[in-house]
Amino acid sequence: MLKKILHYAFEESRDLHERVYRLVSIFAILICIFLFALGWFIRESILEQLLLGVGIVVFNIITIVSYNKKSTKRGAEIITIVFAFVMLPLMFFNAGGLYGEMPVMFVLGFAYICLVFTGKIRNVILVLSCIVTAVCYYIGFFEPRLVVQHTIFSAYVDSAVAVILIGVLLNMLIQFQNTTYKNENTLVKMQKNEIEELSASQNRFFSSMSHEIRTPINTIIGFNEMTLRNNVDPEIRKNAANIQSASNMLLALINDILDMSKIESGNMDIVPVNYELGSVISDLVNMIWVRADSKNLKLHVEADPAVPAVLNGDEMRVKQILLNILNNAVKYTNEGSVSLSVRSEKIDDENAKIIFAVSDTGIGIKRENLPYLFDAFKRMDQKKNRTIEGTGLGLMIVRQLVSLMDGDIAVDSVYTKGTTFTITIPQKVVGSEKLGVLNLETRSILQSMKAYKQSFEAPEARILIVDDNDMNLNVACKLLEPTKVRIDTARSGEECLQLTQDNIYHGILMDHIMPVMDGIETLKKLRIQEGGMSRQTPVIALTANAGSDVSKLYREEGFDGYLAKPVNGALLEAAVLKMLPKELVTVTNDIDTVSDNENTFFVKEGRRKTAVKITIDSISDISEEMANQYNIAIMPYYVCTPEGNFLDGQEIGTDSLIEYLNIYRGKKTIHSKVPEIEDYEVFFAEQLMEAEHIIHISASGNACDGYKNAKEAAKEFGNVEVVDSRLISGGMCIVALKAASLIEQGMAIEDIVKEIDRMPEKIYASCIVKNTDTLLNAGRISTFMYRFFETMMVSPVISFSKNKLKVRRHFLGQFKLVLRKYIRSVLRHKKSIDPDNVFVTYVGLNDEEFGIIKEMLEQNFNNIYYNKASAVIASNSGAGTFGLIYMKRQGR
């Protein structure tokens with residue numbers, strides 16, 4: 001029986017909370033039994049004994065039933081409620097109240113509640129228990145006759161026994177918890193060691209797998225390349241090209257799995273070295289151009305000449321990141337172009353952020369898929385992309401590598417339009433040299449294979465190739481055969497040392513993993529070989545392992561370089577050429593540059609993405625000249641006519657619209673329409689090809705839906721801020737110019753947004769309208785107001801104040817007279833006008849009317865911006881509209 005009770009209390013399959021509850025429950029029942037027995041000994045009241053006896057029976061029944069039904073938690077809750085709200089109050093009034101064991105028993109009740117209940121229900125039960133306890137004490141104090149009093153002897157005995165027993169319980173509880181925590185910690189440590197050992201085993205497996213698989217792939221690719229070099233039947237060449245492609249895909253899969261394993265185990269190291277950025281870009285172009293060319297895609301490279309030329313960082317991982325993104329761009333683009341841009345931002349004198357942006361005109365990514373883009377084994381839009389090769393690991397690895405280098409990666413995409421990846425990586429700057437104008441040269445590997453010619457000949461040169469695999473030796477010898485270099489081979493480190501003892505070699509290619517004596521040990525013995533003839537010969541490692549940590553290893557061990565298997569013929573020739581003395585070499589093959597094919601590859605020097613660009617709605621009336629001057633892009637609204645919808649400023653101009661209104665005055669209705677969300681998405685995507693961030697100045701959200709649509713479209717991007725200007729027309733121009741000046745000052749984006757968000761309250765905008773029929777057609781005024789204005793020759797003044805369009809006042813008379821009155825009314829507040837921010841917007845004014853405006857304003861202000869209203873504004877106001885917009889002086 002005791003064994004069963006102990007097993008019930010300490011059953012390890014239960015969680016710690018339940019085991020503690022069980023221990024307390026068993027001990028509490030034992031306390032009640034002990035108090036029951038003690039009560040008979042010291043002759044407690046019959047009612048108190050009866051309550052204790054009933055409680056013991058009830059608690060045991062509930063415990064046994066809940067245990068058998070495997071519902072211990074429910075049983076614990078019932079026992080706790082009965083104990084706290086029934087047993088304790090009854091015993092308080094029948095067991096001496098304050099004088100006895102009850103104060104300690106109330107404490108036990110609170111402990112029970114904390115052990116059994118969790119969350120909000122525990123707080124509720126605790127509050128109710130506090131109320132019950134307070135009520136018991138209150139009644140016991142004010143109505144002592146309701147409490148069955150103990151003798152002094154009984155009170156002391158009960159109190160002492162209760163304190164001792166509860167004290168023992170608490171001691172056991174603390175010891176139990178300490179023991180449990182100690183056991184749990186031991187278990188956690190054991191599990192941690194097991195996980196680490198499993199991770200180490202996994203890494204060893206992946207490393208071994210990588211090495212073992214690369215060896216046969218090296219043979220396949222090597223002999224296949226020999227086939228492609230030869231003048232063979234076109235069908236055989238096609239099959240060989242397919243073999244080459246499949247082999248490279250398998251190799252990429254192996255690399256991805258190995259990298260993922262290293263990342264997950266925390267063994268991926270970043271190995272910084274000094275490297276030339278121009279060389280990295282050139283290598284990337286050479287690797288990616290062939291694939292782009294095969295799909296008839298244009299490849300653009302935009303490099304800022306001010307970028308530091310020499311950096312310190314993990315060159316291999318930087319190249320891996322960019323190559324992965326570029327490969328994806330080509331993979332998911334069927335027509336158009338792929339672009340790589342490079343720029344930098346200075347952090348301090350020794351560090352800079354290098355910002356790479358890869359853009360394509362491919363299929364894009366759906367908005368709902370963006371959050372899962374960097375998940376492992378996740379392929380977006382499976383149905384559409386089912387024919388595209390890949391493992392689904394690439395972008396996950398890219399994100400992890402960028403994170404390891406304390407960088408950042410952002411994605412902007414419009415579905416069916418294209419995608420831009422922006423990778424920011426901090427790097428140390430080495431020296432003061434700048435990248436300058438790049439001179440990138442590429443060649444098509446496929447083209448070179450069609451008419452293969454060795455890159456050099458060196459019949460007097462002699463090299464040694466060391467590898468324990470005969471097939472690898474055969475491949476290397478075959479690939480180097482056209483160079484006429486004399487080649488010796490060794491199948492072990494020991495055989496290598498025998499050959500170097502008596503022979504002079506101009507270069508040695510050394511396999512790393514070999515039985516008995518590996519490549520590193522062989523190299524060390526070679527360098528100190530007594531009487532050896534090749535102690536100073538350059539040695540390049542051949543390895544089936546890969547990674548920047550491998551690069552670091554071979555450099556530290558004294559190798560002059562390394563080649564990763566499978567060995568590419570061109571790289572093998574280049575490595576051997578690097579080792580050989582120049583006087584023994586005759587270069588026979590010049591590199592073909594891609595400049596012969598201007599349709600597929602472009603290098604755009606001196607051009608760079610701007611950090612921040614301002615964009616604005618065409619309803620702002622900003623002139624094309626002003627937009628170009630301040631690098632502001634305009635989002636056109638639609639002008640809708642019975643003949644169709646036309647883009648403001650692109651397909652229809654203000655003059656054309658006024659002519660149309662004059663011809664069909666009162667016969668055809670014209671109205672404006674804001675761009676759809678999809679229109680904004682395409683617009684933002686186009687602008688992000690030229691800028692890293694966008695601040696879009698939108699027309700007032702109360703005036704139209706432009707702000708709402710732009711805001712929704714901006715959710716597709718992580719670097720587009722949409723600002724509600726709470727203005728229209730020239731007021732938006734003032735906001736845009738202010739934002740442009742703040743950008744030029746180098747202010748942060750969030751600070752610019754805050755600054756321009758405060759501007760609308762300082763801008764006054766109004767206009768006077770000559771012909772009110774257009775206002776009527778646009779729904780801006782009622783028919784009654786239209787008839788009143790036309791009959792009485794009244795020209796209304798419309799202002800845009802507090803985010804609302806209002807008819808502010810009226811002027812009577814001919815329009816020339818009205819113009820003067822309107823301008824004088826504005827000039828009355830001349831002292832409050834900022835003279836550097838006065839904008840004039842006009843539609844369909846004749847020369848005389850425009851002359852009046854210039855004469856009156858230029859007498860009072862030196863700097864005035866004249867902007868012809870956009871077609872959208874003209875479609876709402878009509879010809880003969882003139883507006884004044886200005887900034888109020890500071891403090892006014």
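The values are calculated or read from the model by the stated rules, or taken from the named source; none is laboratory data. Note that the structure is a prediction, hence the values are computed from the model and not measured. Counting neighbours? That spans all protein chains shown, and the Cβs are built from the backbone with ideal geometry, glycine included. Just the protein is used for accessible areas: all its heavy atoms, side chains included, with ligands, DNA and RNA removed. Shrake-Rupley method; radii C 1.70, N 1.55, O 1.52, S 1.80 Å.
Overview of results
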{"read-out": "Candidate set from segment 677-690 (those that are surrounded by 23 or more Cβ atoms within 10 Å (Cβ to Cβ) and among the hydrophobic types (A, V, I, L, M, F, W, C)); member that is modelled with the highest pLDDT", "value": "F684"}
{"read-out": "Which listed residue, of V735, V682, V723, is touching a Lys or Arg at 6+ places or on another chain (Cβ under 7 Å) and of a type in the set (A, V, I, L, M, F, W, C)", "value": "V682"}
{"read-out": "From the options D314, D293, residue that is farther than 24 Å from S413 by Cα, at pLDDT below 90 and charged (D, E, K, R)", "value": "D314"}
{"read-out": "Any chance Q629 is under 27 Å from K366 (Cβ atoms) and either out of contact with any Asp or Glu (no Cβ under 6 Å at 6 or more places or on another chain) or not aliphatic (A, V, I, L, M) (or both)", "value": "no"}
{"read-out": "Options N296, N312, N286; residue that is of a type outside the set (A, V, I, L, M, F, W, C) and within 26 Å of S432 (Cβ to Cβ)", "value": "N312"}
{"read-out": "Filtered residue count, segment 773-796, keeping only those that are of a type in the set (V, I, T), crowded, with 22+ Cβ neighbours inside 10 Å and either at pLDDT 75 or above or over 52 Å from the mean Cα position of the chain (by Cα) (or both)", "value": "0"}
{"read-out": "Residue list for segment 496-522, filter: over 15 Å from I463 (Cβ atoms) and either touching a helix residue (DSSP H, G or I) at 6+ places or on another chain (Cβ under 8 Å) or assigned to a loop (DSSP other than H, G, I, E, B) (or both)", "value": "L497, H512, I513, M514, P515, V516, M517, D518, G519, I520, E521, T522"}
{"read-out": "Selection count, segment 330-372, where residues are under 26 Å from A306 (Cα atoms) and either buried (at least 21 other Cβ atoms within 10 Å of the Cβ) or not acidic (D, E) (or both)", "value": "20"}
{"read-out": "Residue identified as surrounded by 12 or more Cβ atoms within 10 Å (Cβ to Cβ), closer than 30 Å to I263 by Cβ and out of contact with any Ser or Thr (no Cβ under 6 Å at 6 or more places or on another chain) among A162, A155, A200", "value": "A200"}
{"read-out": "Cβ pairs under 6 Å, 6+ apart, first in segment 466-494 and under 25 Å from K524 (Cα atoms), second open to solvent by 70 Å² or more (accessible area, probe 1.4 Å)", "value": "D468/R491"}
{"read-out": "Restricting segment 402-437 to residues that are modelled with pLDDT of 85 or more, polar (S, T, N, Q) and crowded, with 21+ Cβ neighbours inside 10 Å, the residue that is farthest from V307 (Cα to Cα)", "value": "T419"}
{"read-out": "Scan of segment 827-840 for residues that are in contact (Cβ under 8 Å) with a residue 24 or more places away in the chain and either open to solvent by less than 10 Å² (accessible area, probe 1.4 Å) or charged (D, E, K, R) (or both), ordered by number", "value": "K830, K831, I833, D834, D836, V838, F839, V840"}
{"read-out": "Flag if Y660 is closer than 27 Å to K366 by Cα and buried (at least 18 other Cβ atoms within 10 Å of the Cβ)", "value": "no"}
{"read-out": "Residue check for K450: more than 23 Å from M514 (Cβ to Cβ) and either at pLDDT 90 or above or under 40 Å from the mean Cα position of the chain (by Cα) (or both)", "value": "no"}
{"read-out": "Residue check, I513 at pLDDT below 90, farther than 27 Å from E583 by Cα and open to solvent by 20 Å² or more (accessible area, probe 1.4 Å)", "value": "yes"}
{"read-out": "Scan of segment 696-715 for residues that are closer than 30 Å to F421 by Cβ and surrounded by fewer than 24 Cβ atoms within 10 Å (Cβ to Cβ), ordered by number", "value": "Y707, K708, N709, K711, E712, A714, K715"}
{"read-out": "Which numbered condition Y99 fails, given (1) under 25 Å from L50 (Cβ atoms); (2) assigned to a helix (DSSP H, G or I); (3) not aliphatic (A, V, I, L, M)", "value": "(2)"}
{"read-out": "Where a residue in segment 142-164 is closer than 12 Å to F92 by Cα and at pLDDT below 75 and its partner, wherever it lies, is open to solvent by 30 Å² or more (accessible area, probe 1.4 Å) and assigned to a loop (DSSP other than H, G, I, E, B), with Cβ under 8 Å and at least six apart", "value": "H150/Y99"}
